Amino acid sequence: MKAKAVIEAAGVSLRYPDGTLALNNIDLQIQQGELAFVTGPSGSGKTSLLKLLLGMEYPTSGYVEVLGQDMNLTQASAIRKLRRRIGPVFQEFKLLKGRTVLENVILGQRFLDVPQTQMKENSLDALKKVGLEHKALSLVENLSWGEHQRVAIARAVARKPLLILADEPTGNLDKENALKILDLLASFKDNKTSVLITTHATHLMKSEYTNMIIKIDQGALEWERIG
Ligand SMILES: Nc1ncnc2c1ncn2[C@@H]1O[C@H](COP(=O)(O)OP(=O)(O)OP(=O)(O)O)[C@@H](O)[C@H]1O
Ligand SMILES: [Mg+2]
C-alpha cells in the first residue's frame, strides 16, 4: 500500500510583509510515519516552515497541504480542526506558570473533543512516557529546563497527534539531555505519526531513527531520504 503524504508542498514561497523572503520556492513531501530533521543556519527559514505547516503563516505563492488540508485560502475553522491533529512543541507556546505539570498537559487538549476524564488519562499516560509522572503535581516554574522540555512534549503527545512539529526542542540543553529529548521525540514516530524536528545540532542526528534530512539555506530547501 502506498504511504499517505502528510505534508505536500510544491513551489511554496513565504514572504513576510516587510519583504523578507523566508521560504523560496520549496518543494517537500513527507509521508506518514517518517521522522525528518530540519537543519540550517539561524535565519534560514526553519521556524517559518513549521509556522506554515501549522497555519500560523500563509504561503505567498505555491501549494501546501497538511494532513490532507489545503493550507491556501483556508478558513479559520478548518485550520483549528487541522491543529487538533498536530502536536506542536514550540518555544513560544510556553507552559503556564502557576499551574501544575498535569494542568498544563490537560490544557493542551482543551480544544479537542475529549471528555475531562479522558484528558486526564491521556495526560498521565503522556507524562509517564516522558518519565515525569512523579512531577504531575509540581508547579512548572519548579522544573529544570530539560524537564520543562519534556512537559512540552507530553503536552503535545497527549493530544495523540498525527504530526508532531518540534522547533529547536534541544536548544539550551547539554548533549546528554539533548540526546534524551531527541530519543524521546523519535519514540513517538510510528506508522501513523510523523515527526518533524528543527535543530542546529546536526551532530546529534541519528540515522537509526531519522529517515529524512531537510536542509534549508536562505529559504531554499533540499531534502534527502536516508537509510
Ligand atoms: N514575522 C516576521 N516578519 C518578518 N521577517 C521575519 C518574521 N519571522 C521571521 N522573519 C525572518 O525570516 C527569516 C527566516 O526566519 P526563521 O525564524 O524562519 O529562521 P530560523 O531558521 O528558524 O532561524 P533560527 O535558527 O535562528 O531559529 C529570517 O530572516 C527572519 O528574520
Ligand atoms: Mg527558528
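Please treat every number below as a calculation from the coordinates, not as lab data. The structure presented is a predicted model; accordingly, all values stated were derived computationally and were not measured. So basically every Cβ, Gly included, is an ideal-geometry build from the backbone, and we count neighbours across all protein chains shown.
Per residue, the average separation of C-alpha pairs within less than 8 Å and at least 6 apart gives the stretch 92-227 a relative contact order of 20 percent. Our summary of shape: the Cα atoms of the stretch 154-227 have principal axis extents of 34, 29, 24 Å, ordered from largest down, in whole angstrom.
How much length is gained on full extension from residue 117 to residue 138, taking 0.36 nm per residue of separation minus their Cα-Cα distance? Let's see the in-between values first.
Working: separation 21, 0.36 × 21 = 7.56 nm, distance 1.98 nm.
Fully extending the segment from residue 117 to residue 138 adds 5.6 nm.
A straight Cα-to-Cα reach below 17 Å connects residue 97 with the lysines 135, residues fewer than 8 places away in its own chain not being considered. Entry note, the chain: relative contact order of 29 percent, from Cα contacts under 8 Å with a spacing of 6+ residues.
Can you sort 65, 222, 92 so the residue with the fewest Cβ neighbours within 10 Å comes first?
Numbers: 65 16, 222 13, 92 9.
The most exposed by this proxy come first: 92, 222, 65.
When the distances between all Cα atoms of the stretch 1-132 are binned every 10 Å from zero, what whole-number percent does each bin get? Computed distribution, short to long bins: 10, 34, 33, 19, 3. Computed over neighbours whose Cβ is under 10 Å from that of residue 127, the net charge equals +3, Lys and Arg +1, Asp and Glu -1. Once each part is reduced to its C-alpha centroid, what is the distance from the stretch 111-136 to the stretch 170-227 in angstrom? A separation of 25 Å, based on Cα centres.
Given an 8 Å cut-off on Cα distances and at least 6 residues of separation, report the relative contact order of the stretch 142-190 as a percent. The partial results should precede the final answer.
On the way: 20 pairs, mean separation 18.1, N = 49.
Normalised by residue count, the contact order of the stretch 142-190 is 37 percent.
Hydrodynamic estimate: the Kirkwood radius of the stretch 79-122 over Cα pairs, inserted into Stokes-Einstein at 25 °C and 0.890 mPa s, corresponds to D of 214 µm²/s. Here's how it looks for residue 57: its modeled amide H is under 5 Å from those of 52, which are all 5 or more places away or on a different chain. Rounded to the nearest 500, the helix-only mean residue ellipticity at 222 nm of the chain stands at -8500 deg cm²/dmol, with each DSSP H run of n ≥ 4 adding -39,500 (n - 2.57).
D for the stretch 94-178, whole µm²/s, Stokes-Einstein with Kirkwood Rh over alpha-carbon pairs at 25 °C and 0.890 mPa s: what number?
Working: Rh = 12.9 Å.
Value of D from the Cα-based Kirkwood radius: 190 µm²/s.
Rounded to the nearest whole angstrom, the semi-axes of the ellipsoid equivalent to the stretch 58-145, taken from the Cα gyration tensor as √(5λ), stand at 31, 15, 11, largest first.
Roughly speaking, what % of Cα-Cα pairs in the chain are separated by over 33 Å, rounded to a whole number? Write out the running numbers ahead of the final one.
Working: 3610 of 25651 pairs.
Counting pairs separated by more than 33 Å, the tail of P(r) holds 14 percent.
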